[in-house]
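Worksheet: one structure, shown below.
The values are calculated or read from the model by the stated rules, or taken from the named source; none is laboratory data. The structure presented is a predicted model; accordingly, all values stated were derived computationally and were not measured. All Cβ positions, even for glycine, are placed from backbone atoms using ideal geometry, and neighbour counts span all protein chains on display.
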Amino acid sequence: MPWKEMNAMSLRAEFVVLARQKGSNIRELCRRYPISSRTAYKWLGRYQQEGEAGLADRSRRPKRSPKQTSKAMEAVVVAVREETGWGGRKIARVLAKRGLERVPHPNTVTDILRRNGKLDEAACAHHDPAQRFERSLPNELWQMDFKGHFAMLTGRCHPFTVLDDHSRFCLGLRACPNETGGTVRTHLQSIFQQYGLPQAILCDNGGPWGQGYPTWELSALAVWLIRLGIYPLHGRPAHPQTQGKDERFHRTLKVELLQGRSFADLADCQHHFDAWRDRYNLWRPHEALGLDPPVEHFQPSQRPYPQALPLVEYNSGDIVRKVSSNGDVTYHNRPFRVGRGLVGQYVLLKPTPLDGCLDVFFCQYMVRQIVIA
């Protein structure tokens, strides 16, 4: 049994003095103090050998620690941390995949980082539990956006990112000189040729994705996607969390690659982007994927990129109108706005159960409603 915490040294000294007196009953003293007989004889032995100094507490650290992490392994852990900035679970997973022997438990790796001053304890204390929502299969939904542009030694770089919602696989990380629809289309073409077509793409409401919220008009880029059979989706205005996976990807990109680094030009940016994208996709453990890298959860789409855009066709007898150079269609000799992104395209006017109200479709995509007063 332990001694009382108050004045432990005094109690031990008092007990020892009383116990060493002639005719003392040590077992009775043990009941009164209260300690076990084993503890009593331990302190009596130490007092006899060392005097009062022997009554002080001693370190409980074992003389031998055969399972203690080696200095070499600690150095490896610290090196991976300095290279990547990752936490204990990711580092342990990567070391295990490298085939190293006796890889420490993730909690031990975290302790190693803490001992070496590699953890920001204040930041760790403010981590909130994640709430994750994802599509059930790869290529059901991609997310795309531009990360905030930054200065290079010559010009500015606008990083264009495309991410698969299910697997978090980065399909594209491109260093762009601007954020125009033409630039996006050029890069999407090469991505589609390599990975196939998704069912839908989610983006925000700024150019070049769309125009004029809340009245909303399709952009030329969105029209091109629709003709490819890709459904364009848009997040709510001022709600970047709708594209949370891409936003989180941007934060990782900033912390692991962009922060504190300068680039000469777009070619230099792309060189570093390609190397970092390989690391992110192929071996960086992802928390949302059970610490698997994204590539283990991704498969290319079974829908190939077509050599030519499919024709826009409607059924015989449908009300079809061609969009004028002003972005209007004419019905009953009256112009109705449908959007400049559809200039030169044919749209379907479909009557609704509501008298005088028609839905405007481009292919299978509902563009807007028009009301005939």
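For a quick check of your reading of the model, give me the residue pairs whose first member lies in the range 246-261 and is on the phi < 0 side of the Ramachandran plot, whose second is assigned to a helix (DSSP H, G or I) and buried (at least 17 other Cβ atoms within 10 Å of the Cβ), with beta-carbon atoms closer than 7 Å and at least 6 apart or on different chains.
So the pair list comes out as Glu256/Trp276; Leu257/Trp276.
Condition check: within 30 Å of Lys90 (Cβ to Cβ), in contact (Cβ under 8 Å) with a residue 40 or more places away in the chain and either exposed (fewer than 12 other Cβ atoms within 10 Å of the Cβ) or not acidic (Asp, Glu) (or both). Does Pro293 satisfy that?
no
Just one of Val360, Val371 is out of contact with any helix residue (DSSP H, G or I) (no Cβ under 7 Å at 6 or more places or on another chain) and either surrounded by fewer than 17 Cβ atoms within 10 Å (Cβ to Cβ) or over 26 Å from Leu233 (Cβ atoms) (or both); which is it? Give the derivation first.
Details: Val360 fails: either surrounded by fewer than 17 Cβ atoms within 10 Å (Cβ to Cβ) or over 26 Å from Leu233 (Cβ atoms) (or both).
When all the criteria are applied, what remains is Val371.
So, of the residues in the range 265-291 that are of a type in the set (Asp, Glu) and at pLDDT 90 or above, which turns out to be nearest to the chain's Cα centre (by Cα)?
The initial filter retains those residues of the range 265-291 that are of a type in the set (Asp, Glu), namely 265, 268, 274, 278, 287.
Filter once more, keeping what is at pLDDT 90 or above: 265, 268, 274, 278.
On the way: Asp265: 27, Asp268: 25, Asp274: 18, Asp278: 16 Å.
So, considering only residues that are of a type in the set (Asp, Glu) and at pLDDT 90 or above, the one nearest to the chain's Cα centre (by Cα) is Asp278.
Cβ contacts < 8 Å: first residue farther than 16 Å from Arg20 by Cα, restricted to the range 36-59; second residue in a helix (DSSP H, G or I), any location; separation 6+ or different chain. Result?
Between residues of the range 36-59 that are farther than 16 Å from Arg20 by Cα and residues that are in a helix (DSSP H, G or I), the close pairs are Ser36/Cys30; Ala56/Met9; Asp57/Ala8.
Just give me the residues in the range 23-56 being surrounded by 11 or more Cβ atoms within 10 Å (Cβ to Cβ), of a type in the set (A, V, I, L, M) and in a helix (DSSP H, G or I), in sequence order.
Ile26, Leu29, Ala40, Leu44, Leu55
Consider only pairs whose beta carbons are under 6 Å apart and that are at least six residues apart or on different chains; among these, list those whose first residue lies in the range 171-196 and is closer than 19 Å to Met152 by Cα and modelled with pLDDT under 95 and whose second residue is surrounded by 14 or more Cβ atoms within 10 Å (Cβ to Cβ) and among the aromatic types (Phe, Trp, Tyr).
Taking only residues 6 or more apart or on different chains, the pairs are Glu179/Phe146.
A quick yes/no check of all residues on (1) part of a loop (DSSP other than H, G, I, E, B); (2) in contact with a strand residue (DSSP E or B) (Cβ under 8 Å, 6 or more places away or on another chain); (3) under 21 Å from Cys176 (Cα atoms); (4) not assigned by TED's automatic domain parsing to the domain that holds Pro106:
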{"site": "Val255", "(1), (2), (3), (4)": "no, no, yes, yes"}
{"site": "Arg261", "(1), (2), (3), (4)": "yes, no, yes, yes"}
{"site": "Gln270", "(1), (2), (3), (4)": "no, yes, yes, yes"}
{"site": "Phe273", "(1), (2), (3), (4)": "no, yes, yes, yes"}
{"site": "Asp278", "(1), (2), (3), (4)": "no, no, yes, yes"}
{"site": "Asn281", "(1), (2), (3), (4)": "no, yes, yes, yes"}
{"site": "Arg303", "(1), (2), (3), (4)": "yes, no, no, yes"}
{"site": "Ala308", "(1), (2), (3), (4)": "yes, no, no, yes"}
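Which residue out of Phe273, Phe336 is surrounded by 15 or more Cβ atoms within 10 Å (Cβ to Cβ) and touching a Ser or Thr at 6+ places or on another chain (Cβ under 9 Å)?
Phe336
Six or more apart or on different chains, Cβ atoms under 6 Å: show the pairs whose first residue is in the range 84-113 and closer than 18 Å to Gly290 by Cβ and whose second is hydroxyl-bearing (Ser, Thr, Tyr) and surrounded by 14 or more Cβ atoms within 10 Å (Cβ to Cβ).
Gly88/Thr110
In the range 283-301, which residue that is of a type outside the set (A, V, I, L, M, F, W, C) and assigned to a loop (DSSP other than H, G, I, E, B) is nearest to Pro198 (Cα to Cα)?
Taking the candidates together, the pick is Ser301.
Could you tell me whether any residue of the range 146-160 is more than 19 Å from Asp268 (Cα to Cα), assigned by TED's automatic domain parsing to the domain that holds Trp283 and free of Cβ contacts under 8 Å to residues at least 60 places away in the same chain?
No: zero hits.
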